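Novice: One structure, as structure tokens, below. Some questions next.
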Amino acid sequence: MNLGDYTRPAFKRVAVLLGGESAEREISLRSGTGVLAALQRCGVNAFGFDPAERPVQALRDEAVDCAFVALHGRFGEDGTVQGLLELLKIPYTGSGVMASSVAMDKAITKRIWQQARLPTPDFELLSEGFDADRVVKRLGLPMAVKPVMEGSSLGFTRVDRQSDLAEAYRSARRYDKSVMAEQFVSGREFTCAVLQDASGRPQALPVIEIQAPEGRYDYQNKYFGDATRYLCPAPIDVALTQQIQSLSIDAFETIQCAGWARADLMWDSKTDPMLLEINTSPGMTDHSLVPMAAQAAGIPYDELVLRILAQASLKIGAVQ
């Protein structure tokens with residue numbers, strides 16, 4: 001796979017933002033630790049910076065000329081840190097303020113995809129006192145209930161009976177004030193990473209099929225269990241592979257992502273694959289999927305980190 005000419009980035013001092021204050025703090029610490037070690041192995045002057053322990057403004061005192069964002073979830077993947085870095089004039093990895101905030105909000109993301117005629121399951125926002133009978137009639141059973149602005153499957157519930165819908169709502173509500181119910185797509189689960197090449201053109205990495213125990217790819221199975229199987233490249237035909245990769249690039253471009261991202265999809269073998277969400281700061285742990293896909297494309301972990309770093313920039317008002 002050709003992702004374009006590769007050149008080591010020329011940043012003199014890089015802050016790896018890790019940890020943070022979201023529910024995904026533990027995973028971010030693991031991601032950031034891996035990124036930091038890779039940068040240091042490659043001779044980059046890099047250090048770890050935890051926004052939960054020091055204000056981001058302190059980067060001004062560190063002579064930083066770039067930030068590698070390895071934060072996940074709120075206050076790191078949702079446009080907030082990106083906005084601060086823009087104000088501080090510090091180039092950073094990944095998507096900008098708008099794309100980060102949009103992608104973090106699953107409902108807004110899906111509305112944009114629907115407007116662009118990209119396939120994604122129907123959904124409905126839930127609020128206190130919602131009409132369960134009407135929601136079930138619209139979306140059917142089973143359905144997925146999840147926080148609108150949370151990742152790593154935190155607060156996710158598969159609802160098989162209408163009587164369980166209220167408890168699923170309360171479970172999701174513990175993570176976010178906004179909760180959504182979504183048509184449940186059964187079948188095979190895939191993920192596809194998108195990485196911009198040296199010219200800024202998005203390229204899809206090999207597709208991964210996820211086979212979780214009982215089909216439940218939850219927080220535990222994502223990061224701490226060994227029962228989930230990851231098939232990379234996914235054992236599917238060329239046509240389906242290309243369709244998933246094309247959809248992932250469309251999802252990336254429609255939201256106006258930058259640098260890198262990872263799209264999650266489901267396929268029931270009867271209709272087109274369905275986009276579920278897109279992650280603008282994917283995990284970089286030893287269980288993470290982007291490094292796995294990159295390895296299958298012939299890109300070792302350290303080189304992947306450097307490629308992402310090379311795409312770092314300020315986005316607001318930037319002239320290409």
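Novice: Identify, from the list Asp272, Asp237, Asp264, the residue that is modelled with pLDDT of 95 or more and either over 17 Å from the mean Cα position of the chain (by Cα) or in the same structural domain as Arg41 (by TED's automatic domain parsing) (or both). Steps first, answer last, please.
Specialist: Details: Asp272 fails: modelled with pLDDT of 95 or more; Asp264 fails: either over 17 Å from the mean Cα position of the chain (by Cα) or in the same structural domain as Arg41 (by TED's automatic domain parsing) (or both).
Answer to the selection: Asp237.
Novice: Among the residues of region 293-312, what is the count of those that are more than 14 Å from Asp197 (Cα to Cα), touching a Cys at 6+ places or on another chain (Cβ under 9 Å) and crowded, with 19+ Cβ neighbours inside 10 Å?
Specialist: 1
Novice: Any chance you could count how many residues in region 291-307 are of a type in the set (A, V, I, L, M, F, W, C) and either in contact with a helix residue (DSSP H, G or I) (Cβ under 7 Å, 6 or more places away or on another chain) or not in a helix (DSSP H, G or I) (or both)?
Specialist: Applying the first criterion (of a type in the set (A, V, I, L, M, F, W, C)) to region 291-307 yields 292-294, 296-297, 299, 304-306.
Keeping just the survivors that are either in contact with a helix residue (DSSP H, G or I) (Cβ under 7 Å, 6 or more places away or on another chain) or not in a helix (DSSP H, G or I) (or both) gives 294, 297, 299, 304-305.
The number of residues fulfilling the criteria is 5.
Novice: Related question: If you go through region 246-268, how many residues are surrounded by 20 or more Cβ atoms within 10 Å (Cβ to Cβ) and either free of Cβ contacts under 8 Å to residues at least 40 places away in the same chain or in a helix (DSSP H, G or I) (or both)?
Specialist: The number of residues fulfilling the criteria is 5.
Novice: For residues in region 39-85 being out of contact with any helix residue (DSSP H, G or I) (no Cβ under 7 Å at 6 or more places or on another chain) and of a type in the set (D, E, K, R), which is surrounded by the fewest Cβ atoms within 10 Å (Cβ to Cβ)?
Specialist: Only one residue fits best here, namely Asp61.
Novice: Moving on. Of everything in region 86-102 that's part of a helix (DSSP H, G or I) and closer than 16 Å to Ile308 by Cβ, which residue is nearest to the chain's Cα centre (by Cα)?
Specialist: Selected residue: Ser100.
Novice: So Val16 clears everything in (1) within 29 Å of Ala297 (Cβ to Cβ); (2) in contact (Cβ under 8 Å) with a residue 40 or more places away in the chain; (3) part of a helix (DSSP H, G or I) except one condition, right? Which one?
Specialist: Looking at each condition in turn, Val16 falls short on (3).
Novice: Among the residues of region 59-67, is there at least one that is more than 20 Å from Ala310 (Cα to Cα), at pLDDT below 95 and hydrophobic (A, V, I, L, M, F, W, C)?
Specialist: No, there is no match, as no residue in region 59-67 is more than 20 Å from Ala310 (Cα to Cα), at pLDDT below 95 and hydrophobic (A, V, I, L, M, F, W, C).
The values are calculated or read from the model by the stated rules, or taken from the named source; none is laboratory data. Remember, predicted model here, so these are calculated numbers, not experimental data. Positions of Cβ are generated from backbone atoms using ideal geometry, with glycine treated the same way; all protein chains shown enter the neighbour counts.
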